[in-house]
Structures are given as C-alpha cells and as structure tokens.
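Comments concern the structure below.
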Amino acid sequence: MVTRAGQQDYVDRISEVLAEEYEPEVAQAKLLAYRVRRLAHRLETEIKRELAPHGIELWELELLACLIRAAPDHRLSAGRLMAQLQLTSGAVTNRVSRLERNGWLTRDFDPADRRSVLVTLTPAGHERAMEVFGVKTAAEHALLSALSPSAQNTLNDDLRTVLLDLEGPA
C-alpha cells in the first residue's frame, strides 16, 4: 500500500505477504495489530527516555497518577490498583512497597475489611508526580502530533470501541 507522499512504513512492507496468506479482513486486522504494537512500543520507549533524567520510572508515574485521579482522598484498594494498572497482585505489592519506601504513598488495612489494603498518596508523592507529568504529556503530544486533532479524536473513538468490546465499560 502506498500512503502519504508515496511513503510506506514498515508494516506496509509486510502487507503483501499477509495478503497472500490471509483473507483481506484478517490481513487488515493483523496490519492494525502490528501498527498498534509498534506505536505502543515507541510511545513507551520515548516516554521512559524523557522521564529518565528526572529519576522516575514510567510505572511509578502511572501508579501515582491512579492515586491522584482517586479524588478526593487519593486512596485506592490494592485490588482497584490491580484492575486499573492491569497487573497481578504480586506486581502491585512489589510496586507499592517500592513507592512506600520512597515516601510517595502509604498502605494501611481497610478499617471496614481488614483483609483489604488501602494505598494512599502522600503529599510527597503528589508533589513528585506533578513535577514530571508535564514531561510525559509533552512526549505524548510530540509523538502523536503527526495526526491532526480531528484524526486523534477519530482514532480515540475507534480504539474506545475496541476496548469496550474487549473489556466492557469502566
């Protein structure tokens, strides 16, 4: 396939092979999956590179962001963090432990259910996240600026449709 100004991306170069092996609908889905994975990898790599000089990992910022969004008390159960971050309980436990050592959050037993752990953002964690959110946002904006705002809206809508089908509503 020839795209803007006659240029092809990496995925276009494999489309002919896919077209020979799969029905058109299947080949198209595979091409889209390749592009989504490549874009996700590029986004993550670039954001990590931009955050590194600030001494914070992407996963740390994402966990802090979950707690910031949990207004007004900036507290979530470990189970809710698992669901929002799409991680296992062991991964959440390890990440929460590390951020707790940094003083960026605390964890306590839920007074209503002693089997449940509540994770709460500390003022230091909030301050740290706010210091570097702009770096992540600028990297995302730069990486996706090849698409017009209208095209970004359309892509957001289309990807939302797929995620709703896969995950259901929030």
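Would you mention how many residues in segment 1-15 are assigned to a helix (DSSP H, G or I) and either loosely packed, with under 11 Cβ neighbours inside 10 Å or small (Gly, Ala, Ser) (or both)? Going through segment 1-15 one residue at a time, the tally reaches 6. Collect the residues in segment 113-129 that are in a helix (DSSP H, G or I) and either crowded, with 16+ Cβ neighbours inside 10 Å or without any contact (Cβ under 8 Å) to a residue 12 or more places away in the chain (or both), keeping them in residue-number order. Listed by number, the residues that qualify are Pro123, Gly125, His126, Glu127, Arg128, Ala129. Looking for whichever is part of a helix (DSSP H, G or I), closer than 15 Å to Val119 by Cα and either within 18 Å of the chain's Cα centre (by Cα) or without any contact (Cβ under 8 Å) to a residue 12 or more places away in the chain (or both) here; the options are Leu67, Leu99, Leu51. Which one fits? Answer to the selection: Leu67.
When segment 19-36 is limited to residues that are surrounded by 13 or more Cβ atoms within 10 Å (Cβ to Cβ), out of contact with any Asp or Glu (no Cβ under 9 Å at 6 or more places or on another chain) and of a type in the set (Gly, Ala, Ser), the one that is modelled with the lowest pLDDT turns out to be Ala19.
For the subset of segment 130-142 comprising residues that are surrounded by 14 or more Cβ atoms within 10 Å (Cβ to Cβ) and aliphatic (A, V, I, L, M), which member is farthest from Asp110 (Cα to Cα)? Filtering segment 130-142 for residues that are surrounded by 14 or more Cβ atoms within 10 Å (Cβ to Cβ) and aliphatic (A, V, I, L, M), the one farthest from Asp110 (Cα to Cα) comes out as Ala139. Take the conditions more than 27 Å from Gly125 (Cα to Cα) and modelled with pLDDT under 95 and apply them to Leu39. Does it pass? Against the criterion (more than 27 Å from Gly125 (Cα to Cα) and modelled with pLDDT under 95), Leu39 does not qualify. Report whether or not Asp157 is more than 15 Å from Ile68 (Cα to Cα) and in a helix (DSSP H, G or I). Against the criterion (more than 15 Å from Ile68 (Cα to Cα) and in a helix (DSSP H, G or I)), Asp157 qualifies. Residues of segment 70-92 that are farther than 23 Å from Glu167 by Cβ and assigned to a helix (DSSP H, G or I): none at all. Just one of the listed residues (Ser97, Ser77) is closer than 23 Å to Val132 by Cβ and of a type outside the set (A, V, I, L, M, F, W, C), and it is Ser97.
The values are calculated or read from the model by the stated rules, or taken from the named source; none is laboratory data. Keep in mind the model is a prediction, meaning the values are calculated, not measured. Don't worry about glycine lacking a Cβ; one is built from the backbone with ideal geometry, like all the others, and counts go over all protein chains shown.
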